[in-house]
Amino acid sequence: MTENTLLLDVQGLYKTFAVPVLVDLNFTLRRGEIHALMGSNGAGKSTLSNIICGIHQPTQGNLTFEGKPHTPGSVKDAEDLGIRMVMQELNLFPTLSIAENLGFKHLGGKGGWINHSALREKASKALETVGLADLDPDTPVSELGVGQQQLIEIARVLADPVKLLILDEPTAALTDPQIELLFDQLNKLREQGVGIIYISHRMDEIRRISDRISILRDGQLVATENAADIDEDTIVNLMAGNVEHQALDTDTRGQRGDIAMKVENLSRKGAFEDVSLDVHQGEVLGIGGLIGSGRTELLRAIFGADVADAGSVKLASDNFQQAHRFTTPQKAISAGIGMVVEDRKGQGLHLSGSLIDNMSICKLNDLSNGLSVVDTTEEEKMVANISERLAIKYTTLSEPISNLSGGNQQKALIARWLLKDLPILLFDEPSRGVDARAKARIHDLIREQAAQGKAVIVISSETQELMGVSDRIVVMSNGKLAGEFDPQTLTEEQLLEASFRFYSKPQTEHKEETA
Amino acid sequence: MQIFNRSIKLPWNSLGLIGVLIALVIFFSAMSEYFFSGVTFRTLMNQIPALTVIAVGMTYVLLIAGIDLSVGSVMALCAAVMGVMIADFQWPLFLAFFAALAVGLMAGITNGFVSARWSIPSFVVTLGMLEIARGGSYLVTGSETKYLGTAVEFLGAPVPMLGVSVSLIAAVCVVIIAQLVLSKTVFGRYMIAIGTNEEAVRLSGINPVFWKVTVFAIAGLLAGLGGAFQLGYLQSADPNAGIGLELSAIAAVVIGGTSLSGGRGSVVNSFLGVLIIAVMQTGLAQLGVSEPAKRIITGLVIVAAVLFDQYREPLAQFFQRKSNA
């Protein structure tokens, strides 16, 4: 490879947040190539992208862009060099018009007045490049469908000269014709010598559009191959690696009791469809799959945090007589379902509140007398007890929980539900962002709950955790169930194959919502 | 200090406010020979009952990260209803009193229900109610002040042995009960929890809408009570009463250290905030400070109080470092 074909060279890149995310990663991108980046959850794709475009700075390692050391301190630094990223989440201003969104960086005209006709003209041209020429540039972006918004986002990036383009799941919300248009544009950019990093779960697309494919696993580059020389099985094998997993606690496995909850044909538009599964008393059912495959949305719908559109949840407590579709968590909790949410800080904890405030919130009614005065002595005793049982480290029970480490915060959140003592418990990423020791303790806790005869569902993006903690695993892929497995015999290849299954086939249904 | 909520660093905070209050009293006593006297004390104490109970309601509303701009108008409407019932319809006092409370309660429930049920900012809903209730009070009184004379005098008149009015005693009782509810009961915990993370409350199986409506209902009810106190104090129902009172109440609550973004606050401290404002107003008046200057000074004090509250931890650290050095 000669110097002038090499656009970006990454050597020995390390990035550590709480845990190492990228470890001695090497990666090259040529001019005029589309380079697909693949890997399972947490392999490091996003972190690598974020470092290239200046959102994060590396812990260690060298990046070279166009032969010069590349150390962007901010997104702006990277943008000045012609590096752009289209994120999965949209960064548009919903109440501004298409034209204003597209021209946002160059709004100011003479004396600070906006030249609307010039803006409109520019916007029309940009819209043409992404096949949206029939849209009125004055339309507010909020009136567009998700797919159209995604294309606007792409058009916005393409409006400026670009040398390196990163696309993160750009086709997730697009229809087939829109995908074709996008690919035409990408081919044009390739001819102009732009280097494109293309992140996607969709095997068929990647094999069609990309020149080379790189596979990341556990923060390392495991292979870079020409797209023509590699088949899907090899890709899956490379993503999987050969991670050894051991059961954390086999004592209670296989001792499951009767069915505790039946989920029947549950659907929520745009999130998951037609999911049916049973959970037994005394078992842990693991849900695997990629982030965004609808796992979280499924549990939230069972719990009533979001409302399902169709299907039902039936419970052993009423002999499966009633078909529930819970509209509030309150109703699900009184029917015996608890849920430890994924977003600990945003939706779980009261960060300025104390350990006591955070743990006892569901138990206050039981702790209070006829005048609804809380028995604080009893409350403190209860909280101190469970904190000791879960080995939560704190200085005083009344200090703000934000002072505690992530692991202890997570244990406190779990403690809230253990105190409530419900027969069915749902865990969404129960050990995200906690240290190894807290993680092990959390796994033990989950097994203990099953051993006590509770029905437990656990979502996890970590294969080891999923296999270690579950009695049974189901995998979700693109909103659908893609198989059920026994963790004792499940291989990581099988798990990944199932996770990617429904992303591989092009979506035939017309997904675009029109205004 | 047991009545203070342990999740708030109250003792220190309350003591700070009491310190400011004492400093103000000493300052005005030194500046004016008339300030430190029974007469001043009684005048002051008889002015504050309405503002006190309204500030209590406002504390609850701010705790759940809401705001209630309608309390001044609702107070006027309730006083107008009570006054008309007594003056024009010869209702017995207690019936007219309950009518006033009922009107306040209804206004509060409406505020709470509309804002919580349909997720409309309470700022907007209560701004609407501010206009509606003001219009209502003009309608009820026919835009005239209703003079009641002695019928309601006892509410505002000093009780012989104590030297303070029934209204003030009632208002202080409201403060104590409201603080106990806040720091001791499940409802109090829920208010703080809703103020810190409403979604977490919902996902804990508690219905935040119900409790938010309850809070606004209490604020409305207390505005009604304030209306009755105001009636007793003025011995008349003035449709223009309480204009801008919502802002005085917010100022008092904020001086008391309650956070506008919810989740942190104390009723007792709001009461201290009311006292600080009242002492300043009376003291400045006795010094012969003009009305415009009074308002400018009050405004500065409000901003200074919030600044201090916002940065009290860095400040405390700063002084600690100084004393260590």
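The values are calculated or read from the model by the stated rules, or taken from the named source; none is laboratory data. Since the structure is predicted, the reported quantities are computational estimates derived from the model, not experimental observations. Cβ: placed from backbone, ideal geometry, glycine included. Neighbour counts: every protein chain shown. Heads up: the accessible areas ignore ligands, DNA and RNA and are worked out on the full protein's heavy atoms, side chains in. Shrake-Rupley method; radii C 1.70, N 1.55, O 1.52, S 1.80 Å.
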Within region A:326-339, how many residues turn out to be crowded, with 16+ Cβ neighbours inside 10 Å and either facing chain B (nearest Cβ under 8 Å) or under 25 Å from the mean Cα position of the chain (by Cα) (or both)?
9
Can you confirm whether region A:110-130 contains a residue that is open to solvent by less than 10 Å² (accessible area, probe 1.4 Å) and not in a helix (DSSP H, G or I)?
yes
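A quick yes/no check of all residues on (1) surrounded by fewer than 19 Cβ atoms within 10 Å (Cβ to Cβ); (2) within 23 Å of residue B:187 (Cα to Cα):
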| site | (1), (2) |
| --- | --- |
| B:74 | no, no |
| B:80 | no, no |
| B:83 | no, no |
| B:96 | no, no |
| B:119 | yes, yes |
| B:132 | yes, no |
| B:141 | no, no |
Could you tell me whether region A:439-457 includes any residue that is under 20 Å from the mean Cα position of the chain (by Cα) and modelled with pLDDT of 90 or more?
yes
Do the conditions hold for residue B:220, that is, is it more than 29 Å from residue B:167 (Cβ to Cβ) and in contact with a Gly (Cβ under 7 Å, 6 or more places away or on another chain)?
no
With the structure loaded, tell me whether residue A:413 is closer than 21 Å to residue A:355 by Cα and in contact with a strand residue (DSSP E or B) (Cβ under 8 Å, 6 or more places away or on another chain) or whether it fails that test.
yes
Collect the residues in region A:347-370 that are facing chain B (nearest Cβ under 7 Å) and either more than 30 Å from the chain's Cα centre (by Cα) or not aliphatic (A, V, I, L, M) (or both), keeping them in residue-number order.
A:347, A:348, A:350, A:352, A:353, A:354, A:357, A:362, A:364, A:365, A:368
Here the residues within region A:17-39 that are modelled with pLDDT under 90, assigned to a loop (DSSP other than H, G, I, E, B) and open to solvent by 30 Å² or more (accessible area, probe 1.4 Å) are A:17, A:18, A:19
Can you tell which of B:219, B:170 is open to solvent by less than 10 Å² (accessible area, probe 1.4 Å), more than 14 Å from chain A (Cβ to nearest Cβ), assigned to a helix (DSSP H, G or I) and among the small types (Gly, Ala, Ser)?
B:219
Being farther than 20 Å from residue A:406 by Cβ and out of contact with any Lys or Arg (no Cβ under 8 Å at 6 or more places or on another chain) is the filter here; which residues of region A:331-359 pass it?
A:331, A:332, A:334, A:335, A:336, A:337
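Any idea how many residues of region B:173-191 are within 7 Å of chain A (Cβ to nearest Cβ) and either in a helix (DSSP H, G or I) or open to solvent by less than 10 Å² (accessible area, probe 1.4 Å) (or both)?
4
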Going by the conditions given, is residue A:464 open to solvent by 60 Å² or more (accessible area, probe 1.4 Å), touching a residue at least 60 places away in the same chain (Cβ under 8 Å) and out of contact with any Pro (no Cβ under 7 Å at 6 or more places or on another chain)?
yes
Please find, among B:248, B:259, the residue that is in a helix (DSSP H, G or I) and either in contact with a helix residue (DSSP H, G or I) (Cβ under 6 Å, 6 or more places away or on another chain) or surrounded by 20 or more Cβ atoms within 10 Å (Cβ to Cβ) (or both).
B:248
Six or more apart or on different chains, Cβ under 9 Å: which pairs go from a residue in region B:224-237 that's on the phi > 0 side of the Ramachandran plot to one that's among the polar types (S, T, N, Q) and at pLDDT below 95? Could you list them?
B:235/B:150
I need the full set of residues from region B:193-216 which are facing chain A (nearest Cβ under 7 Å) and not in a loop (DSSP other than H, G, I, E, B), in order please.
B:193, B:196, B:199, B:200, B:202, B:203
Mind telling me which of the residues A:116, A:106 ends up being within 25 Å of residue A:192 (Cβ to Cβ), modelled with pLDDT under 90 and out of contact with any helix residue (DSSP H, G or I) (no Cβ under 7 Å at 6 or more places or on another chain)?
A:106
Considering only residues of region A:371-394 that are of a type in the set (Gly, Ala, Ser) and either crowded, with 22+ Cβ neighbours inside 10 Å or assigned to a helix (DSSP H, G or I) (or both), which is nearest to the other protein chains (Cβ to nearest Cβ)?
A:384
